[in-house]
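Participant: Let me give you the structure first, and then I'll get to my questions.
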Amino acid sequence: MALRLWRRKRGGPWYIRGTVRGIRVYETTGTTDRALAREILAARERQLIERSLYGDRAVRTFADAALSYLEAAPRSPATQAYVRRLLDHFCPGWQGGGSGCHWTRLARIDQVAVDRCLAAVLRPGAAPATKARVLSVLNAVLRHAARRGWCDLPMFERIRLPRGRTVYLTPAEAERLLEASADHLRPLLHFILCTGARLSEALELAWRDVHLADHRVVFRVTKSGRDRVAALPEAAVVLLANMEGEREGPVFRRPDGRPYADRGRQAGGQIKRSFATACRRAGLGEWQGRRFRPALTPHGLRHTWASWFYAVSKDPMLLRQEGGWATLAMVERYAHLAPPGIVPEIARIWGAWHPRLGALPVGGAVPAATALSG
């Protein structure tokens with residue numbers, strides 16, 4: 001039986017029904033326009049004939065690969081967000097179902113298609129690191145498809161990343177930043193400095209995952225896709241114990257008491273303005289014309305924690321475990337950031353005791369030396 005158009009009720013969307021070369025079809029066209037539905041039917045029929053002649057590989061679309069990739073294993077919210085953006089580009093209307101006859105086939109995703117994709121899904125002037133993240137997700141989806149015989153292994157040009165510096169703060173600078181922060185922001189920044197939490201992990205931390213008696217918190221659905229336990233030094237325990245409000249829902253909230261907006265775990269936007277204001281008041285940054293540019297982003301506080309943790313522990317394996325990094329190579333950059341002289345001053349931020357490191361050396365006045373680079 002050849003393919004034909006059918007709809008359930010007058011004015012409703014058109015469906016495709018029938019059989020082509022033994023392949024049964026019953027799916028929506030996603031449109032109420034009969035002329036457009038006829039075009040979709042014809043394209044779908046050609047697709048099925050090609051599939052029967054040349055195999056499944058010839059007609060697999062990016063939507064097939066992306067949705068299979070998402071279903072195969074848990075993916076982080078950030079990865080899911082990137083996959084959705086790629087789907088919107090390669091397979092417009094994918095969320096509404098339909099035959100997908102106009103969606104991009106895997107066989108047609110070459111270097112030119114990738115270049116166009118990056119230009120379409122990213123804002124003009126996007127940083128190389130951002131382009132590299134999108135390309136990394138695209139490669140992961142296509143490798144997943146290649147292992148299933150749907151396409152060749154991707155061999156796209158790599159994004160060249162400039163060699164950047166790892167920005168961190170000395171305890172003196174961290175104190176200045178905390179003193180300059182708004183009342184609602186100060187506990188959040190102090191918590192990150194004490195635990196090395198990513199901003200997304202801190203904003204998603206719920207009171208049910210705070211265990212003050214055990215000096216630990218649990219971050220759910222981290223960047224690695226696994227739960228991570230973080231130790232709470234003395235100052236973090238005191239900070240959390242003294243926070244006002246009910247012990248339900250998110251720990252850290254906006255000034256109006258509402259939870260921070262979910263940005264798909266994309267970095268920093270929820271506190272960008274208040275963090276920049278705190279940096280300006282603390283003198284951590286520089287003016288570029290009439291615009292102030294902070295010396296670091298909120299993620300720089302995680303770098304700061306890591307450099308301090310290594311300065312005290314001298315144990316890269318322990319740092320990798322505590323920070324939730326996948327490989328030892330990812331923590332090597334912190335090995336020589338913080339000079340030994342700052343170790344006695346770290347207690348000014350962390351308190352006198354750390355569950356993983358024991359008693360911390362306590363120094364006097366915090367020196368005024370400036371770090372801000374590795």
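The values are calculated or read from the model by the stated rules, or taken from the named source; none is laboratory data. Computed from a prediction, not measured in an experiment: that's the story for all the values here. Cβ coordinates were reconstructed from backbone atoms using ideal geometry, including for glycine residues, and neighbour counts include every protein chain displayed.
Participant: If I filter the stretch 100-136 down to residues being outside any helix (DSSP H, G or I) and aliphatic (A, V, I, L, M), which single residue comes out as farthest from Arg84 (Cα to Cα)?
Facilitator: That would be Ala127.
Participant: Also, quick follow-up: Name the single residue, out of those in the stretch 238-261 being modelled with pLDDT under 95 and small (Gly, Ala, Ser), that is farthest from the chain's Cα centre (by Cα).
Facilitator: Gly245
Participant: Just name the residue that is nearest to Gly196 (Cα to Cα) out of those in the stretch 206-237 that are basic (Lys, Arg) and under 16 Å from the mean Cα position of the chain (by Cα).
Facilitator: Arg228
Participant: List every residue pair whose Cβ atoms sit under 8 Å apart, with the two residues 6 or more apart in sequence or on different chains, where the first one lies in the stretch 344-373 and is basic (Lys, Arg) and the second, anywhere, is modelled with pLDDT of 90 or more.
Facilitator: Correct list of pairs: Arg348/Pro171; Arg348/Glu175; Arg356/Ala231; Arg356/Ser313; Arg356/Leu318; Arg356/Glu322.
Participant: Condition test on Thr166, is it outside the structural domain of Arg280 (by TED's automatic domain parsing) and among the hydroxyl-bearing types (Ser, Thr, Tyr)?
Facilitator: yes
Yes or no, residue by residue, for (1) of a type in the set (Asp, Glu); (2) touching a residue at least 24 places away in the same chain (Cβ under 8 Å); (3) under 21 Å from Arg165 (Cα atoms):
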{"site": "Leu240", "(1), (2), (3)": "no, yes, no"}
{"site": "Gly245", "(1), (2), (3)": "no, no, no"}
{"site": "Arg273", "(1), (2), (3)": "no, no, no"}
{"site": "Thr277", "(1), (2), (3)": "no, yes, no"}
{"site": "His299", "(1), (2), (3)": "no, yes, yes"}
{"site": "Arg302", "(1), (2), (3)": "no, yes, yes"}
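Okay, residues lined up against (1) aromatic (Phe, Trp, Tyr); (2) surrounded by 19 or more Cβ atoms within 10 Å (Cβ to Cβ); (3) modelled with pLDDT under 95:
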| site | (1), (2), (3) |
| --- | --- |
| Leu188 | no, yes, no |
| Phe191 | yes, yes, no |
| Thr195 | no, yes, no |
| Glu204 | no, yes, yes |
| His215 | no, no, no |
| Gly225 | no, no, yes |
| Arg228 | no, yes, yes |
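Participant: When you look at Pro74, is it under 15 Å from His144 (Cβ atoms) and either modelled with pLDDT of 90 or more or part of a loop (DSSP other than H, G, I, E, B) (or both), yes or no?
Facilitator: Judged against the criteria, Pro74 is a match.
Participant: Take His354 and decide whether it is more than 22 Å from the chain's Cα centre (by Cα), modelled with pLDDT of 95 or more and more than 26 Å from Ala276 (Cα to Cα).
Facilitator: Yes, satisfied.
Participant: Restricting to the stretch 207-238, count the residues that are of a type in the set (Gly, Ala, Ser) and either in contact with a Lys or Arg (Cβ under 8 Å, 6 or more places away or on another chain) or assigned to a loop (DSSP other than H, G, I, E, B) (or both).
Facilitator: Here the count works out to 4.
Participant: In the stretch 29-80, what residues are within 30 Å of Gly11 (Cβ to Cβ), surrounded by fewer than 16 Cβ atoms within 10 Å (Cβ to Cβ) and out of contact with any Cys (no Cβ under 7 Å at 6 or more places or on another chain)?
Facilitator: Across the stretch 29-80, the qualifying residues are Thr32, Asp33, Arg34, Ala35, Leu36, Arg38, Glu39, Ala42, Arg46.
Participant: Take the residues of the stretch 26-51 that are free of Cβ contacts under 8 Å to residues at least 60 places away in the same chain and aliphatic (A, V, I, L, M): which is nearest to Thr104 (Cα to Cα)?
Facilitator: The qualifying residue nearest to Thr104 (Cα to Cα) is Ala43.
Participant: For the stretch 118-148, which residues satisfy the criterion of being touching a Lys or Arg at 6+ places or on another chain (Cβ under 7 Å) and within 15 Å of Leu161 (Cα to Cα)?
Facilitator: Answer for the stretch 118-148, where residues must be touching a Lys or Arg at 6+ places or on another chain (Cβ under 7 Å) and within 15 Å of Leu161 (Cα to Cα): just Pro128.
Participant: For the stretch 331-339, state whether one or more residues are closer than 18 Å to Ala230 by Cα and either modelled with pLDDT under 95 or of a type in the set (Phe, Trp, Tyr) (or both).
Facilitator: So far as the stretch 331-339 goes, yes, one or more of its residues are closer than 18 Å to Ala230 by Cα and either modelled with pLDDT under 95 or of a type in the set (Phe, Trp, Tyr) (or both).
Participant: Sticking with this structure for a sec: Step by step: first the residues of the stretch 80-109, then only those that are modelled with pLDDT of 90 or more and hydroxyl-bearing (Ser, Thr, Tyr), then the one that is farthest from Ala129 (Cα to Cα). Which residue is that?
Facilitator: Per the criteria, the residue is Thr104.
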